[in-house]
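This report refers to the structure that appears directly beneath it.
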Amino acid sequence: MLASIQGIIAGIGEEDRERIIEAARYSGNRMARATPASVRARLPKEFREIGGPTHMLFEEIVIRAETDDMASLAELTGRTMQNCLACHARFRAD
């Protein structure tokens with residue numbers, strides 16, 4: 001997801017909608033669906049409660065990148081990052 005955020009921010013800076021879409025799509029719902037069931041089964045409920053909406057925010061970036069202004073996309077990226085920070089504050093791999 002961090003690579004997606006970097007790509008989105010770079011795309012916003014360059015006003016490159018295709019770059020934004022490509023970067024956001026990488027961490028969207030497809031990423032969640034590609035996670036093996038054996039891994040998903042071990043994830044805590046609280047992790048999934050943050051992760052699912054976060055993947056959907058990336059999907060929203062994909063959709064809105066087609067038409068929204070760059071400032072709006074930056075704001076949405078900031079909201080998405082709040083979920084990232086909340087998850088990383090709560091969960092750590094030891």
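If I fit a long axis through the Cα atoms of helix 45-64 and take the longest principal axis of the Cα atoms of the chain, what angle between them do I get, 0 to 90°, rounded to 10? Helix 45-64 and the main axis of the chain meet at about 20 degrees.
Longest stretch of the chain clear of exposed loop sites (trypsin sites (Lys or Arg not before Pro), DSSP loop, at most 15 other Cβ atoms within 10 Å, sites excluded): 43-91. Counting charges near N29 (Lys, Arg +1; Asp, Glu -1) among other residues having Cβ under 11 Å from its Cβ returns a value of +1.
What FRET efficiency would be calculated for the residue pair L43, E18, taking the C-beta separation as r and a Förster radius of 25 Å, to the nearest 0.05? Efficiency, rounded to the nearest 0.05: 0.20.
Count Lys and Arg as plus one, Asp and Glu as minus one, and take only other residues whose Cβ is under 14 Å from that of C87; the net charge is then +3. Calculate for the chain the 222 nm mean residue ellipticity that helices alone would give, adding -39,500 (n - 2.57) per DSSP H run of length 4 or more and normalising by residue count, nearest 500 deg cm²/dmol. That comes out to -24500 deg cm²/dmol. Its Cα gyration tensor gives the chain an equivalent ellipsoid; the semi-axes, largest first and in whole Å, are 25, 13, 10.
Computed from Cα positions, the angle between helix 70-90 and the longest principal axis of the chain comes to roughly 20 degrees.
Structural descriptor for region 23-94: relative contact order 39 percent, calculated from alpha carbon pairs under 8 angstrom and at least 6 residues apart.
Rule-based calculations on the coordinates, nothing more; no lab input. This is a predicted model, so every value here is computed, not measured. Quick reminder, even Gly has a Cβ in these numbers, built from the backbone with ideal geometry, and neighbours come from all protein chains shown.
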